[in-house]
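Enquirer: Can you keep this structure in mind? I'll have questions shortly.
The values are calculated or read from the model by the stated rules, or taken from the named source; none is laboratory data. Being a predicted model, the structure only gives us computed values, none of them experimental. With ideal geometry, Cβ positions are generated from the backbone for all residues, glycine too; neighbour counts draw on all protein chains shown. What goes into the accessible areas is simple: the full protein's heavy atoms, side chains included, and nothing from ligands, DNA or RNA. Shrake-Rupley method; radii C 1.70, N 1.55, O 1.52, S 1.80 Å.
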Amino acid sequence: MKEISSQNKQISVIVPIYNVKPYLEKCMESIIGQTYHNLQIILVDDGSTDGSGKLCDIYAEKDARVKVIHKTNGGLVSARKAGLRIAEGGYVGFVDGDDFIEAQFYERLLQDMLEHQVDFVHTGYTKEQNGIGLRCFNFETEKYTLTKEVAVNFIENGILNSQNMHVYHGMVNNLFRKEFIQKCYDRVPDEQSIGEDLICFCICLLEGSGLYMHKLALYHYIQRSGSIINTVNTERIIQLSKLQICLKNIFTEYKVYDSLQKCFEQWFLKEIITTLKKTVRGGFISLYYFTHPEWIHRKKVVIYGAGDVGQDYYLQLSRNLDCRIVCWVDANYHAYHFEYGEVKEIGQLKKLQYDIILIAVKSPEHAGEIKEELVADLNIPETSIIWERPGYICAE
């Protein structure tokens, strides 16, 4: 690895913490153990009641780089802003208290920042669920000059309509110039509890002059059932409405709303429907649908895939009296639990009689990988496996 030329570049790492004690030690050890040592580690205890705050104080006693803020619970945005107010480094990164990072994370990001002289560096991430890690990125390593047209393209095709290029708009898988992120994050409403990162990321794209994107996945995001992003209720719909208003105002201010309006409205509709799917008991609202039901007319069907597409296919085909679902399988079957259907392991295919395996995923590349595995590992004839790009109710 190319050596960083200036070792006096300090990074302030801001860690908002609220009742994450079971995860905090792993998170902190991953930050303290970074190969780049010139860190200011700011722990913001946002009114924790589980002992997380005491653990923060213990780390501050052991490592002089650690600074602790104890505050009344005010939410993620207010916690990050509290950290930004005392940030001393020329660069700022964020880590959530229940996640962890690989040892070279900040060394690699700072190297990119210094080499390319941009406002922020963006990377992929690794999603951790039930002990399984999935590397998530769908973009090329490249430097971008952030003109209005480039920013609009990122927002439209990378965030709002991420069919071809997905940009994860979190704060955690980035490194920012301090003055830049302070200016951008200050515009995020303190009370926003859904989409606060999306708001800031869009502001960064519209306000910034340069961005470097790197196909790294050294940040590990722990997906757990009790986290904010996985909590669904009617309050989420209210927050989504506030998010829609905030984003519209930002796009209008930067004079890009006309360019983004159609895509933005479709995105908002999708978010509302997705929320309703999770809120309505049984999930009987669908975003995706199988476009060729005639292909499975009077067939015994296995659905492969239990993600968003698979769930919608299962509900669609359950109402289709012309075919029969004989099994629903997924490689990560143990992660899915539904009242209306049981997801089983792929090995069940050896015991079943069926006519068609319907692959229920969005990506043609992912579908191709599944098909190759079924043919190679289970000797399933290619003619018995079908995939078609899912229909999507929010599409034009």
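Enquirer: If the Cβ limit is 6 Å and pairs must be 6+ apart or interchain, which residue in the range 236-261 that is in contact (Cβ under 8 Å) with a residue 12 or more places away in the chain and over 19 Å from residue 204 (Cα atoms) pairs with which residue that is of a type outside the set (A, V, I, L, M) and assigned to a helix (DSSP H, G or I)?
Expert: Close Cβ pairs satisfying both conditions: 236/275; 237/275; 240/271.
Enquirer: Also, I was wondering about something else. Condition (residue is touching a Cys at 6+ places or on another chain (Cβ under 9 Å), open to solvent by 30 Å² or more (accessible area, probe 1.4 Å), under 13 Å from residue 32 (Cα atoms) and of a type outside the set (Lys, Arg)) applied to the range 102-111: is it met by at least one residue? Steps first, please.
Expert: First, pick out the residues of the range 102-111 that are touching a Cys at 6+ places or on another chain (Cβ under 9 Å): none.
No, the range 102-111 has no match at all.
Enquirer: Tally up the residues in the range 180-194 that are open to solvent by 20 Å² or more (accessible area, probe 1.4 Å) and under 19 Å from the mean Cα position of the chain (by Cα), please.
Expert: The number of residues fulfilling the criteria is 2.
Enquirer: If you don't mind, there's one more thing I want to ask. For the range 66-86, give me each residue that is touching a helix residue (DSSP H, G or I) at 6+ places or on another chain (Cβ under 6 Å) and open to solvent by less than 20 Å² (accessible area, probe 1.4 Å).
Expert: 66, 77, 84, listed by residue number.
Enquirer: Tell me, which residue of the range 206-218 that is more than 24 Å from residue 101 (Cα to Cα) and of a type outside the set (Gly, Ala, Ser) is farthest from the chain's Cα centre (by Cα)?
Expert: So the residue we want is 207.
Enquirer: Might you check whether a residue that is touching a residue at least 24 places away in the same chain (Cβ under 8 Å) and either in contact with a helix residue (DSSP H, G or I) (Cβ under 6 Å, 6 or more places away or on another chain) or open to solvent by 60 Å² or more (accessible area, probe 1.4 Å) (or both) occurs anywhere in the range 363-372? Can you show your working first?
Expert: Step one: of the range 363-372, the residues touching a residue at least 24 places away in the same chain (Cβ under 8 Å) are 364, 370.
Now restrict to residues that are either in contact with a helix residue (DSSP H, G or I) (Cβ under 6 Å, 6 or more places away or on another chain) or open to solvent by 60 Å² or more (accessible area, probe 1.4 Å) (or both): none.
Within the range 363-372, not a single residue is touching a residue at least 24 places away in the same chain (Cβ under 8 Å) and either in contact with a helix residue (DSSP H, G or I) (Cβ under 6 Å, 6 or more places away or on another chain) or open to solvent by 60 Å² or more (accessible area, probe 1.4 Å) (or both).
Enquirer: What number of residues within the range 136-147 are at pLDDT below 80 and surrounded by fewer than 12 Cβ atoms within 10 Å (Cβ to Cβ)?
Expert: Selection size over the range 136-147: 1.
Enquirer: State which residue is farthest from residue 386 (Cα to Cα) when the search covers only the range 293-308 and only residues that are modelled with pLDDT of 90 or more, open to solvent by 10 Å² or more (accessible area, probe 1.4 Å) and assigned to a loop (DSSP other than H, G, I, E, B).
Expert: My answer is 307.
Enquirer: For the range 46-65, which positions are open to solvent by less than 10 Å² (accessible area, probe 1.4 Å) and not small (Gly, Ala, Ser)?
Expert: Matches in the range 46-65: 46, 56, 59.
Enquirer: If you take the residues in the range 382-394 that are more than 27 Å from the chain's Cα centre (by Cα) and either aliphatic (A, V, I, L, M) or over 12 Å from residue 349 (Cβ atoms) (or both), which one is least open to solvent (accessible area, probe 1.4 Å)?
Expert: 385
Enquirer: Can I ask one more? Identify the single condition in (1) open to solvent by less than 40 Å² (accessible area, probe 1.4 Å); (2) touching a residue at least 40 places away in the same chain (Cβ under 8 Å); (3) of a type outside the set (S, T, N, Q); (4) more than 30 Å from residue 262 (Cα to Cα) that residue 334 does not satisfy, given that it satisfies every other one.
Expert: (1)
Enquirer: Condition (residue is of a type in the set (S, T, N, Q) and either touching a Gly at 6+ places or on another chain (Cβ under 9 Å) or at pLDDT 95 or above (or both)) applied to the range 127-135: is it met by at least one residue?
Expert: Taking every residue of the range 127-135 in turn, none turns out to be of a type in the set (S, T, N, Q) and either touching a Gly at 6+ places or on another chain (Cβ under 9 Å) or at pLDDT 95 or above (or both).
Enquirer: Specify which of the listed residues (373, 339, 365) is closer than 23 Å to residue 223 by Cα and under 27 Å from the mean Cα position of the chain (by Cα). Step through it out loud before you land on a result.
Expert: Working: 373 fails: closer than 23 Å to residue 223 by Cα; 365 fails: closer than 23 Å to residue 223 by Cα.
Unique residue meeting the criteria: 339.
Enquirer: Restricted to the range 154-179, and to residues that are more than 19 Å from residue 123 (Cβ to Cβ) and not in a loop (DSSP other than H, G, I, E, B), which residue is most open to solvent (accessible area, probe 1.4 Å)?
Expert: Looking at residues that are more than 19 Å from residue 123 (Cβ to Cβ) and not in a loop (DSSP other than H, G, I, E, B), I get 179.
Enquirer: Would you please name the residue that is modelled with the lowest pLDDT, looking only at residues in the range 232-291 that are aliphatic (A, V, I, L, M) and assigned to a loop (DSSP other than H, G, I, E, B)?
Expert: Here the residue is 232.
Enquirer: Still on this structure, please answer the following. For the range 345-360, check the following and say yes or no: at least one residue is in contact (Cβ under 8 Å) with a residue 12 or more places away in the chain, under 24 Å from residue 161 (Cα atoms) and of a type in the set (A, V, I, L, M).
Expert: Looking for residues that are in contact (Cβ under 8 Å) with a residue 12 or more places away in the chain, under 24 Å from residue 161 (Cα atoms) and of a type in the set (A, V, I, L, M), one finds at least one in the range 345-360, hence yes.
Enquirer: Do we have residue 209 as at pLDDT below 90, open to solvent by 50 Å² or more (accessible area, probe 1.4 Å) and not β-branched (Val, Ile, Thr) here?
Expert: Spelling it out, it is not the case that residue 209 is at pLDDT below 90, open to solvent by 50 Å² or more (accessible area, probe 1.4 Å) and not β-branched (Val, Ile, Thr).
Enquirer: Another question about this same structure. Right, residue 7: at pLDDT 95 or above, more than 21 Å from the chain's Cα centre (by Cα), in a loop (DSSP other than H, G, I, E, B) and not aliphatic (A, V, I, L, M) or not?
Expert: Answer is no for this residue.
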